[in-house]
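Below is one structure, written out as structure tokens; the observations come after it.
Taken together, the values in this text are just the output of simple stated rules run on the coordinates, not laboratory data. Note that the coordinates shown come from a computational prediction; the quantities given were computed from them, not determined experimentally. All Cβ positions, even for glycine, are placed from backbone atoms using ideal geometry, and neighbour counts span all protein chains on display.
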Amino acid sequence: MKQFINHKEDMVTEAIDGIVAASGGALTRLDGYPHIRVVVRADWDKSKVALVTGGGAGHEPAHAGFVGKGMLTAAVCGDVFASPSADAVLAGILAVTGPAGCLLIVKNYTGDRLNFGLAAERARAFGHKVSMVIVDDDVALPDLPQARGLAGTLFVHKIAGAMAENGADLAACTEAAQRVIKSSRSIGMSLDTCTVPGSPKENRIPDGMAELGLGIHGEAGVEQVASSGAKDAVTRVSEKLGATMAKTPHVALVNNLGGASVLEMSILTRDLLDSSIGPQIQLIIGPDAMMTALDMHGFSVSVLELSEGDAELLAQPVHVAGWSGCKLVGTAPILPLPDGLSPVRSPASSHAPTKAFLTDCCAVLIESEDDLNALDAKSGDGDTGSTLATAARALIEAIDSLPLADHTQLYRAIGLELSQTMGGSSGVLLAIFFAAAGDASSAGKPMREALQDGLVRLRQIGGANPGDRTMVDALLPALDALQDGLPQAAVAARKGAAYTATLTTAKAGRATYINAEQLEGHIDPGAEAVARLFEHLAS
């Protein structure tokens with residue numbers, strides 16, 4: 001089983017039970033399982049206009065995650081990607097509607113329109129005041145007569161919900177909802193489809209491609225385009241949105257479709273604010289998962305043209321689990337580094353052979369990035385190649401500012417550069433290695449002995465010894481053999497690296513967390529990097 005569920009038929013009811021139990025008493029539900037699944041405010045007294053919405057499960061936190069003071073009064077939940085029944089919707093309406101009436105907020109899908117529409121008619125027959133609005137904010141197909149409802153629905157929830165909480169009547173809430181719908185635009189992009197529990201996954205998006213303008217139920221997008229990173233994705237989305245946006249202030253909602261990492265969402269947000277529509281975005285909601293499509297590896301952007309009073313309604317505090325808050329877009333002043341962290345650098349000096357040697361070594365690490373990452377993925381977190389390549393690129397960029405003609409100061413300068421540009425424990429350890437080598441060089445020791453002293457200090461502080469399955473297994477014999485020449489050092493380094501593949505227990509680094517079966521037969525990536533460097537230098 002690839003998902004943390006128990007039984008497909010119990011997914012929605014068990015999820016609702018979890019949401020209610022974790023709400024701190026703010027939420028409850030109607031009796032009626034398994035066919036009637038309605039989450040309601042536990043404190044509701046029917047004194048104000050009720051807001052009811054819903055739809056298929058799989059969009060969490062929508063819709064139950066927005067039930068609470070200041071937003072929704074009730075959410076009616078269907079099966080995954082399936083509209084709830086008219087009876088379930090009617091149960092929700094009857095449970096929360098008082099004299100002030102009820103506003104139904106419905107996304108523009110056939111099942112939702114039919115079931116919510118029928119429930120509204122039946123509720124009116126009981127004498128209740130019920131109005132209904134249809135959200136159709138998708139701009140992927142601008143000429144489509146029935147555009148889909150996407151994450152722009154949340155603008156309606158928030159603004160109409162704040163108005164209802166403030167005492168507005170049903171007519172005013174309905175009018176505001178219709179205005180917000182008219183002024184909202186949304187579009188999404190994904191690198192992969194979603195996994196519907198109990199169904200085979202549709203792998204229609206090839207590697208290296210992305211789908212633009214897809215829906216929140218896994219339905220196909222408008223087109224497949226080459227996937228060229230976050231900035232390109234945001235450019236495509238911004239172009240679609242910008243074509244329909246007025247040149248006025250807007251609020252943007254940056255939505256994770258379920259499978260994008262927090263890191264990716266932050267990058268996408270940065271690129272959105274730097275995009276062609278960035279200057280029009282004055283307020284931002286997210287980035288966060290607010291209206292998802294299960295585990296879809298994608299994002300959507302929704303924009304709303306701001307009218308008078310919208311900013312205040314969007315910022316009004318709410319007591320719901322799914323709302324990220326609405327914030328003013330701005331730039332914070334960048335603070336200077338504290339005293340003592342600005343490095344004291346040795347004067348730059350030129351030396352063509354040293355520059356060529358260092359550049360050549362860096363090129364080997366950059367070319368090995370993917371191979372070393374693949375090795376590290378078998379015994380660690382898959383980033384050794386990227387860490388070394390990043391440091392190598394930084395060293396090449398800084399090379400003309402280094403004291404190339406003074407090897408003692410050069411060791412120290414390399415250590416300083418690595419400590420600033422190379423992440424994780426590797427950067428610290430190599431900074432210690434080169435700093436200690438610089439100290440040994442200043443005492444008059446030749447290169448090989450200076451590097452050996454650096455390795456001694458690295459082992460003392462890092463705790464790695466021969467046989468611990470680290471780069472020490474390749475570097476120590478290579479430096480010992482270097483007195484006989486580079487070819488002998490290269491052979492020793494390769495032998496040491498190969499030895500790490502026979503070790504099933506690591507005693508240093510992240511490989512210590514990996515079991516023996518996963519380690520066996522795989523060379524340590526740090527040792528492999530050392531071996532490749534010496535082999536290249538000897539060739």
Among beta bridges that DSSP assigns inside the chain, antiparallel share in %, nearest 5: 55
Dipole of the chain [Lys/Arg +1, Asp/Glu -1 at C-beta], most positive-end residue of Pro142, Ala437, Ala489: Pro142
Mean shadow area of the stretch 307-372, taken as a quarter of the surface of its Cα convex hull (nm²): 12.2
If the convex hull is drawn through the Cα atoms of the chain, its volume per residue in Å³: 186
Evaluated over the stretch 186-253, the Cα radius of gyration and Dmax, each in Å: 13.8, 46
Folded to 0 to 90 degrees: helix 384-398 orientation relative to the chain principal axis, Cα: 70
Scattering profile of the stretch 137-206 at q = 0.26 Å⁻¹ [log10 I(q)/I(0), Debye over alpha-carbon scatterers]: -1.09
Ratio Rg/Rh, restricted to the stretch 211-250 and using Cα atoms, in which Rh is the Kirkwood radius: 1.04
Å³ per residue enclosed by the Cα convex hull of the stretch 122-260: 162
Residues of type lysines that Lys46 reaches as a straight line, Cα spacing below 17 Å, ignoring anything fewer than 8 places off in the same chain: Lys69, Lys129
Estimated [θ] at 222 nm from DSSP helical runs (n ≥ 4, -39500 (n - 2.57)) normalised by residues in the chain, nearest 500: -13500 deg cm²/dmol
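If I take every Cα pair under 8 Å that is 6 or more residues apart in the chain, average their sequence separation and divide by the length, what percent do I get for the relative contact order?
The normalised contact order for the chain reaches 9 percent.
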Cα-centred dipole magnitude for the chain, charges only on beta-carbon of K, R (+1) and D, E (-1), debye, nearest 20: 920
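Treating only the Cβ atoms of Lys and Arg (+1) and Asp and Glu (-1) as charged, compute the dipole magnitude of the stretch 391-488 about its Cα centre; round to the nearest 20 debye.
180
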Backbone HN-Hα couplings from phi across the stretch 207-222 [Karplus 6.51/-1.76/1.60, Hz, Gly and Pro as x]: 4, x, 10, 9, 10, 9, x, 8, x, 9, 10, x, 5, 4, x, 6
For the stretch 14-134, the fraction of alpha-carbon pairs in successive 5 Å shells from zero, as %: 2, 13, 26, 27, 20, 10, 3, 0
5 angstrom amide H check on Gly78, placed H, neighbours 5+ away: Gly55, Gly56, Ala57
Size descriptor, Kirkwood hydrodynamic radius, that averages inverse alpha-carbon separations across the stretch 1-45, Å: 11.5
Nonlocal amide H pairs with Asp138, under 5 Å, H built at 1.01 Å: Arg148, Leu150, Ser186
Relative contact order for the stretch 1-68, counting Cα pairs under 8 Å that sit 6 or more residues apart, in percent: 27
In order through the stretch 76-91: 3J(HN,Hα) via Karplus (6.51 cos²θ - 1.76 cosθ + 1.60), integer Hz, x for Gly, Pro: 9, 9, x, 5, 4, 6, 10, 4, x, 6, 4, 5, 5, 5, 4, 4
Note, ³J(HN,Hα) from phi for the stretch 230-236, Karplus 6.51, -1.76, 1.60, rounded to Hz, x at Gly and Pro: 5, 4, 5, 4, 5, 4, 5
Relative contact order, percent, the stretch 348-491 [alpha-carbon distance under 8 Å, six or more residues apart]: 15
Value of D in µm² per second that Stokes-Einstein yields for the stretch 78-202, Kirkwood Rh from Cα pairs, at 20 °C (1.002 mPa s): 135
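Measure up Lys2/Lys231; Lys2/Lys107; Lys247/Lys327 against 25 Å on the Cα-Cα distance and list the ones that go over.
Beyond 25 Å: Lys2/Lys231; Lys2/Lys107.
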